1. Which one of N46, L30, Y70 is farthest out on the positive end of the charge dipole of the chain, using unit charges on Cβ (Lys, Arg +1; Asp, Glu -1) and the Cα centre as origin?
2. Suppose a student asked you for the relative contact order of the chain, using Cα pairs under 8 Å spaced at least 6 residues apart; what percent would you report?
3. Which aspartates and glutamates have a Cα less than 16 Å from the Cα of K20, not counting those fewer than 8 places away in the same chain?
4. Considering only DSSP beta bridges whose two residues both sit in the chain, what percent are antiparallel, to the nearest 5?
5. Any idea what angle helix 48-64 forms with the longest principal axis of the chain, computed on alpha-carbon atoms, 0 to 90 degrees, nearest 10?
6. Using a 1.4 Å probe and ignoring any ligands, DNA or RNA, find the accessible area of S11 and quote it in Å² to the nearest 10.
7. Just how much of T47 is accessible, in Å², when a 1.4 Å probe is used and the result is rounded to the nearest 10?
8. From the list (i) 82; (ii) 98; (iii) 151, can you say which value of volume of the Cα convex hull per residue in Å³ was derived from the structure given?
Amino acid sequence: MSAIDSQTLMSQIVRTLEDKKAINIVTLDLHGISLVADYFVICHGNTDRQVKALADTVIEQVEKAGYRLYGVEGLDAARWVLIDAGDVVIHI
């Protein structure tokens, strides 16, 4: 399966976060600014439980889109989670 483009992935992640009631979703377009990623998505949840649910859903979405996860940090405690999907980095 080939991966979708980074803009489509970012848009799907944002819609997923909206559906799961993430708070203050911000998307930064890093094209031409960063060699690390094309997009950086930032949001937060009200509780550790919501943060974990948001992260689990985003991870599922990234894998379903055919992207490789380069790393996930903070999922155990779920106070914050950083998901590196290569072209799109998500911080919850």
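1. Of the options given, the answer is N46.
2. Working: 162 pairs, mean separation 27.7, N = 92.
Computed value for the chain: 30 percent relative contact order.
3. The reachable aspartates and glutamates, counting only those whose Cα sits under 16 Å from K20, are D48, D56, E60.
4. Working: 11 of 15 bridges.
Here the share of antiparallel DSSP bridges comes out near 75 percent.
5. The two axes meet at around 30 degrees.
6. Rounded to the nearest 10, that gives 40 Å².
7. The value for T47 is about 70 Å².
8. Step by step, volume of the Cα convex hull per residue in Å³ for this structure corresponds to label (i).
The values are calculated or read from the model by the stated rules, or taken from the named source; none is laboratory data. This one's a predicted model, so the numbers in the text were calculated from it and none came from an experiment. In this analysis, Cβ positions are derived from the backbone assuming ideal geometry, glycine residues included, and neighbour counts consider all displayed protein chains. For the accessible areas, the whole protein counts, side chains as well, though only heavy atoms, and no ligand, DNA or RNA atoms are used. Shrake-Rupley method; radii C 1.70, N 1.55, O 1.52, S 1.80 Å.
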